[in-house]
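What follows is a single structure, written as structure tokens, with notes after it.
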Amino acid sequence: MKNLYILVLSALILGYTTAYAQMPNDAIYMPKGVVCVGTMYTHSSWKEYWENTLKRENLNIGTHTTQSVMVMPAIGITNRFNVILSLPYVWTKTSAGNLMGQKGFQDLGGWLKVKAVDWKGFSLNGLVGISLPVSKYVPDFLPMSIGLQCRTASGRVLANYTHPKTGIYVTAHGTYMWRSNISVDRDAYQADDKVYNTNEVRVPNAYDMGARVGILKKQWQTEIWAERNSCVNGDNIRRNDMPFPTNNMQATMVGWYGKFQPKALGVNARIGYVTNGLNMGQSTSYTVGVLYMFGVKK
């Protein structure tokens, strides 16, 4: 399944000795004129999935695997205003059956990140984001599709408190995502127990919320996290049928994130596990990344 929330980035600020993480789910910013480029590899696989509320496996699929390589630059426009971009290349496969895996560039994404309040270790941040498909991948061939082919817009509110002396922090966020309709290569489709005689499909809007507790030091960072991702409506996978973009996909995930950044070049890693869900696979995922920071001359 498409995973929208594996975004990991960090940097060492030029002229300073502190290592920084920078992504759409933290409250840390690149200073003005500094750019960090992260390149991440992600591997996600599942054998069991939820067909509506029924947890099952499908021997015709075996183990389903999604892999991706994503480039993500973070740009410091000012000390309190950053731009984050992302572009993943995704490919899928199964260990059994004859479903052909898909591959290609997925969606170009971007976030504008603003620190609205900064007071004695507490910050309140606002983020807006968009994503646009950049290739003509097939959206209605789930679970082999690499994405949903819809245009999205999102708004996020993020609150953070970091203890100045120990570096212990707590972060919480909530996001709402608006999704456009998509066109599929068929004259009719079935959803919501109805038949629609059109090739235009309404993809459900979605939301997410998450919390993180961790420690940020000069050269390293570690945290544990939990997230809930859900469509606001939609239907369920019918018995012994394939998923479809109208499905109400939901997942609760827990995991760990760590980073080591002694100088401008650094590495990070992320592990996640879906504890429960609806109309999607119970996946285990990991991400490893290489991070590089540089300053932009004026």
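Scanning the stretch 147-183 for residues that are more than 18 Å from Arg202 (Cα to Cα) and either open to solvent by less than 40 Å² (accessible area, probe 1.4 Å) or part of a loop (DSSP other than H, G, I, E, B) (or both) yields a total of 15. Scanning the stretch 48-85 for residues that are open to solvent by 70 Å² or more (accessible area, probe 1.4 Å), in a loop (DSSP other than H, G, I, E, B) and without any contact (Cβ under 8 Å) to a residue 40 or more places away in the chain yields a count of 2.
With respect to Pro88, determine if the residue is part of a strand (DSSP E or B), open to solvent by less than 40 Å² (accessible area, probe 1.4 Å) and either within 26 Å of Asp185 (Cα to Cα) or free of Cβ contacts under 8 Å to residues at least 12 places away in the same chain (or both). So Pro88 fits the description; yes.
No other residue among Val290, Val254 is in contact with a Phe, Trp or Tyr (Cβ under 8 Å, 6 or more places away or on another chain), in a strand (DSSP E or B) and exposed (fewer than 15 other Cβ atoms within 10 Å of the Cβ) apart from Val254.
Taken over the stretch 184-218, residues that are within 30 Å of Ala264 (Cα to Cα) and open to solvent by 80 Å² or more (accessible area, probe 1.4 Å) amount to 1. Residues in the stretch 102-135 that are outside any strand (DSSP E or B), touching a strand residue (DSSP E or B) at 6+ places or on another chain (Cβ under 8 Å) and open to solvent by 20 Å² or more (accessible area, probe 1.4 Å) were compared, and the one that is farthest from Tyr41 (Cα to Cα) is Gly121.
Being at pLDDT 95 or above, closer than 19 Å to Gly174 by Cα, open to solvent by less than 30 Å² (accessible area, probe 1.4 Å) and not hydroxyl-bearing (Ser, Thr, Tyr) is a property that holds for Val274. Looking across the stretch 126-140 at every residue that is closer than 21 Å to Leu99 by Cα and in contact (Cβ under 8 Å) with a residue 60 or more places away in the chain, the one that is farthest from the chain's Cα centre (by Cα) is identified as Asp140.
Listed here are the residues, each with its yes/no results for (1) modelled with pLDDT of 95 or more; (2) small (Gly, Ala, Ser); (3) within 19 Å of Gly281 (Cβ to Cβ); (4) within 17 Å of the chain's Cα centre (by Cα).
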| site | (1), (2), (3), (4) |
| --- | --- |
| Val83 | yes, no, no, yes |
| Tyr89 | yes, no, no, yes |
| Thr94 | yes, no, yes, no |
| Gln106 | yes, no, yes, yes |
| Trp111 | yes, no, no, yes |
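Just so you know, in the stretch 156-181 the residues that are touching a Leu at 6+ places or on another chain (Cβ under 7 Å) and of a type in the set (Gly, Ala, Ser) include one that is modelled with the highest pLDDT, and it is Ala159.
Here is the figure for the stretch 191-233: residues that are outside any strand (DSSP E or B), touching a strand residue (DSSP E or B) at 6+ places or on another chain (Cβ under 7 Å) and touching a residue at least 40 places away in the same chain (Cβ under 8 Å) total 5.
Note on the stretch 1-53: among residues that are under 17 Å from Gly272 (Cα atoms) and among the basic types (Lys, Arg), the one that is modelled with the highest pLDDT is Lys47.
The values are calculated or read from the model by the stated rules, or taken from the named source; none is laboratory data. Note that this is a predicted model, so its numbers are computed, not measured. Neighbour counts run over all protein chains shown; Cβ positions are idealised from the backbone, glycine included. Surface accessibility is based on the protein's heavy atoms, side chains included, excluding ligands, DNA and RNA. Shrake-Rupley method; radii C 1.70, N 1.55, O 1.52, S 1.80 Å.
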